[in-house]
Amino acid sequence: MGRPTIADIARRAGVSKGAVSFALNGRPGVSEATRARILGVAEEMNWRPHSAARALGGARADAVGLVIARPARTIGVEPFFSQLLSGLQAVLSARAVALHLMVVEDTAAEIEVYRGWASEHRVDGFIVVDLQVKDPRLPVLDELGLPAVVLGGPGKGGNQLRIWADDREAMLSIVDYLAAIGHRRIAHLAGLPHFQHTQRRIRALRDASRRLGLEEAVSVPTDFSDAEGAAATRTLLSRARRPTAIVYDSDVMAVAGLGVAGEMGVAVPGELSIVSFDDSVLARIVHPPLTALSRDTFALGEQVARSLLAALDEAGPGRDLQMPTPRLTVRESTSPPGAAAAGSPEASSGASPAGPTGPVAASPAGSAAGSPSGSVAGSVAGSPGRVDAARIVDSGSEPV
């Protein structure tokens, strides 16, 4: 038997469809005896209200939407998203609110899903991740008029509530620590360059390198995948003057980079220090365990869900909320650079490296000082699966 309808209940109870509607919706118009009989029949038939029909009638859909525009292959292995989703579900399920999740390939597809779900009344509000520079999603969300919580910020544009942590301060804590223990050549395997948090981390590295007088600081964009993390690491470690420390924007990439270092015979941490921007069980079970920025991503998901539910309940005007800055947890993957990390024979003989030098030095394909955008750029060449650092790096534009 298919899904029971109001007509099915009316036939079995021997009443009109109108009487069934009155009884199921708690409206006057039927006697208490008739209401009890109808509700009993509905229970026997395991009847449940159709969410779309309820929404069209002005009732809530009891669901919120989350659309992620990233390559699907990176989401399945990303501990950050699994912990975030767990935190969201812990709060939403306690209120019997469903989470509609969809992974799409680009922002245009994400916007179409927003429009479709809103027009079909499938969700009551949205959770938005990966805030972008000049984000095109924000005006669309304003137009749709549904409550939304954006994970990312701070910034201007859009009427959505924002929940965020200070990515800049977090990156500065990493660079200050690495410089304090003696590292002068630091590479950063960044995420997608149009994300605001990626840009903030890139600018933080650039600014810190000038303040600290580092010999070299280079950011390389990736798609957060283990494949691109491994390819970029392999290319960086193939350079004559390789970095003595690499900061990864995800623990998946950091673990892949650790594997490449072992493959190439580069000792961690003796010749290369590794730091991950995310701290999950992956960072703790590898050898050596990884120095990482630690935060409670499960609690972050809980807070996002609570904030959206409060907006749906119209519990008062929402406000932006800054979460605690991730803290640096030092483990065995970092140490002062050893003698072997000094790089090529030219370094030990005192010869100058190729390319420009100064507070921020770039490889021949890019220059921080001479770039019109003021970016920290570099090129890492030579690997068939190379990641081209000249794609990046700092767009020079401020977050919206």
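A few comments on the model shown:
- Prolate/oblate/rounded call for the stretch 170-245, Cα gyration tensor, a/c under 1.5 rounded: oblate
- Gyration tensor (alpha-carbon) shape descriptor, the stretch 68-158, a/c threshold 1.5: rounded
- Two-site label geometry, residue 98 and residue 43: point separation in nm, points 7 Å out along Cα→Cβ: 2.4
- Whether the stretch 78-124 is rounded, prolate or oblate, judged on the alpha carbon gyration tensor where a/c under 1.5 counts as rounded: oblate
- Accessible area of the stretch 151-205 belonging to carbon and sulfur atoms, whole % at 1.4 Å probe: 55
- Highest average first, the peptides 243-250, 25-32, 143-150 ordered by how many other beta carbon atoms sit within 10 Å of their residues are 243-250, 143-150, 25-32.
The values are calculated or read from the model by the stated rules, or taken from the named source; none is laboratory data. It should be emphasised that the depicted structure is a prediction, and the values quoted were computed from it without experimental measurement. Cβ coordinates were reconstructed from backbone atoms using ideal geometry, including for glycine residues, and neighbour counts include every protein chain displayed. All accessible areas refer to the heavy atoms of the entire protein, side chains included, with ligands and DNA or RNA removed. Shrake-Rupley method; radii C 1.70, N 1.55, O 1.52, S 1.80 Å.
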